[in-house]
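Participant: The structure is given below, and queries will be raised subsequently.
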Amino acid sequence: MAFTATINKAPTAIPTELARGRGGGGPAPKRTVVAYGFWIFILGDMVMFSALFAAFAVLRSNTAGGPTGAELFDLRSVFIETMCLLLSSYTCGLGALSAERRKPSRFLLFGVATFVLGSAFLVIEATEFARMVEMGAGPSRSAFLSAFFTLVGMHGVHVTGGLIALIYLAAQAIAMGLQPAVLRRLLCWSLFWHALDIVWVGVFTLVYLMGDFR
Amino acid sequence: MTDGHDRVFDDRTPGVEEREPTASYLSYTVGLGLAIVATIASFVVSQTSLLWAPGIPVGLIVLAFAQIGVHLVFFLHLGSGPDSTNNILALAFGVLIVFLVITGSVWIIANLSSNMTPM
């Protein structure tokens, strides 16, 4: 009796010297370890993006007589894009929270909202790319446009991959239920999605806003 | 089982899931509100003469860092708790590398192009 009472006690307010992950209090729970490993992957991905950001920052003024960012970008659609991705990050967080609290229907609802908002982001971006290529401002026009399409396109590829992974995870959640392994994958996915939104903050600041007023 | 409260934390097998103190709907909503404010501020600052023109890039960078901070705290839940310690250290290293790659490239290439013979 005393045994179960001890086990079921929620670990609230752990003293720092007993907290796990600092050598004291035993090994960290698998959830924390898995999230840490995935966090390392995300940071590696950020380092890759930093190389693309550096290339864009270096090449942004090399337009080779072609159109500049100020002539090409439509900030209204960039703003709508940004809001779509931000809201999808929000619904993703709420979905992960609902899954953790074992509310499957609410989780699916937020999952669908995340998917719709992420797809809207991709559609707006693809439309913009198509419009630019049609104007003769494709990736082969100038070094500035090569760097632009590489950086923004790489972010778009990540978003596409995230949406595919979301379908896969939703199918797993339906087929296997919200069991611990599925919840860990969902946690990693939400980390990935939030990280993509952080990269987008860098993109709209450096590429679109700083490119437009110059 | 009875030799003080520290044993409570020792007795769990690694891999056994447990209830964790997690974020609430409220923290996500607060984060969303702050992020929207920062985003709108960025777009307004870049399109109006609210800021002194040469200060606009600095303002935009400050707003971007503020928004990234909001995302890290309210969406990714990086806090001061013991579970976050390792994540924060890894993040600090990642930020260092990102900073070196971006500013290093810009600095070197700017120096290189200012030393080019005029065409």
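The values are calculated or read from the model by the stated rules, or taken from the named source; none is laboratory data. Since the model is a prediction, treat every value here as computed from it, not as a measurement. Cβ placement follows ideal geometry from the backbone for every residue including glycine, while neighbour counts extend to all protein chains displayed. Note: accessible area is taken over every heavy atom of the protein model, side chains too, but ligands, DNA and RNA are not part of it. Shrake-Rupley method; radii C 1.70, N 1.55, O 1.52, S 1.80 Å.
Participant: Using just the helices of chain A, give the 222 nm mean residue ellipticity in deg cm²/dmol: DSSP H runs with n ≥ 4 each add -39,500 (n - 2.57), and the total is spread over all residues, rounded to 500.
Facilitator: The helix-only estimate for chain A comes to -25500 deg cm²/dmol at 222 nm.
Participant: Extending each Cα 7 Å along its Cβ direction at residue A:77 and residue B:88, get the distance between those two points in nm, one decimal.
Facilitator: That separation, rounded to one decimal, is 4.2 nm.
Participant: I want to check the label-to-label distance for residue B:58 and residue A:140. Put each point 7 Å from Cα in the C-beta direction and report it in nm to one decimal.
Facilitator: Computed distance between label sites residue B:58 and residue A:140 equals 4.4 nm.
Participant: Using the Cα gyration tensor of the stretch A:22-105, with a ≥ b ≥ c the square roots of its eigenvalues, what is the shape: rounded (a/c below 1.5), prolate (a/b larger than b/c) or oblate (neither)?
Facilitator: It comes out oblate by the Cα gyration axes.
Participant: Let me ask something else. Between chains A and B, what is the buried accessible area summed over both chains (1.4 Å probe, protein heavy atoms, nearest 100 Å²)?
Facilitator: Summed over both sides, the interface buries about 5500 Å².
Participant: A further question on this structure: Fully extended, how many nm does the chain gain between residue B:112 and residue B:51 (0.36 nm per residue separation, minus their Cα-Cα distance)?
Facilitator: Length difference between fully extended and current span is 18.8 nm.
Participant: Pick out which of A:139, A:67, A:27 has the largest mean-square fluctuation in a Gaussian network model of chain A, springs linking Cα atoms closer than 10 Å.
Facilitator: With Cα springs under 10 Å in chain A, the top fluctuation among A:139, A:67, A:27 is at A:27.
Participant: Compute the Cα gyration tensor for the stretch A:71-141, then decide on rounded, prolate or oblate, letting a ≥ b ≥ c be the square roots of its eigenvalues: rounded whenever a/c is under 1.5, prolate when a/b is larger than b/c in the other cases, and oblate in all that remain.
Facilitator: Verdict is prolate for the stretch A:71-141.
Participant: Step through the residues of the stretch B:102-107 one at a time and calculate ³J(HN,Hα) from phi using the Karplus curve (6.51 cos²θ - 1.76 cosθ + 1.60, θ = phi - 60°), rounding each to whole Hz and writing x for Gly and Pro.
Facilitator: Rounded to whole hertz, the list is 6, 5, x, 4, 4, 4.
Participant: Report the relative contact order of the stretch A:73-214, percent, no decimals, based on alpha-carbon pairs under 8 angstrom and at least 6 residues apart.
Facilitator: Contact order relative to length: 31 percent.
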